[in-house]
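Take a look at the structure set out below.
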Amino acid sequence: MTDIEKIQALDMTKILNKEVKSEIEKLIDDYNTAEDKEDFIAVTKESSSLILALITDVYPDAIAMQEEKPCVEIVVTPEKGTKQKIETPKKRVAAKNTSESSKVKKDSPIKKKTKSTSVQSKLQALQEEVEECRKRGATRKSTKKKTPSIPKTVYEKLYSHINAIANLLPEPFRDDPEKISDLKKMSLAIHKKVVVVFELNETLAEKGKLDLKQKFKDITKRIQTNDSK
């Protein structure tokens, strides 16, 4: 059971401090609306632990506990034989509270004052921690949105390799029209063969073919311009 699940299971009616209750409700609302639940749990781990520690110390009755099984007491009577007398946990607690009521009344003023101070100090630490966790969560969300990962298609990967062949031509041949023409024919032949073998999208293939032709057309134009100077 995660800390968030423990917080969701709290009995909010037992938490008397409005500010503490407000922070818990905000955390639960943020969790319910979070797109990535696991990421939210990781971001709010510290604040969730602090909330549970505060509740355990100040409002232990709010923590969900497993229901105790009733004690079964065997009672034997002369007339009707054996009977089972069930004593529930509530009865035991009531009897215990009655026996200790005088002691609690004497200590209650001091405990109340101490508890109030403890709540305020821990609440302040809680609010600071929750606010810090929210900032970290917002930073993670904005980072994810700004850097989406878009995988390349098979054709895009192959085309990038074919297109890069022209850049591998040695320096002495880069102004040689005959070498450029041979390179163009080779690149287009490879492109055609790859499209057939991989059964690639024809629309993308046609666009890539035109882009390759334009690339070599620009190279040829550059060579002609340099020769005319």
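The values are calculated or read from the model by the stated rules, or taken from the named source; none is laboratory data. All figures in this text were calculated on a predicted structure; none of them were measured in a lab. All accessible areas refer to the heavy atoms of the entire protein, side chains included, with ligands and DNA or RNA removed. Shrake-Rupley method; radii C 1.70, N 1.55, O 1.52, S 1.80 Å.
Of the residues SER228, SER48, ranked by 1.4 Å probe accessible area with the largest first, the sequence reads SER228, SER48. When the listed pairs LYS157/LYS193; LYS179/LYS209; LYS157/LYS221; LYS185/LYS215; LYS152/LYS217; LYS152/LYS207 are checked against a 21 Å cut-off, the alpha-carbon distance exceeds it for LYS157/LYS221; LYS152/LYS217.
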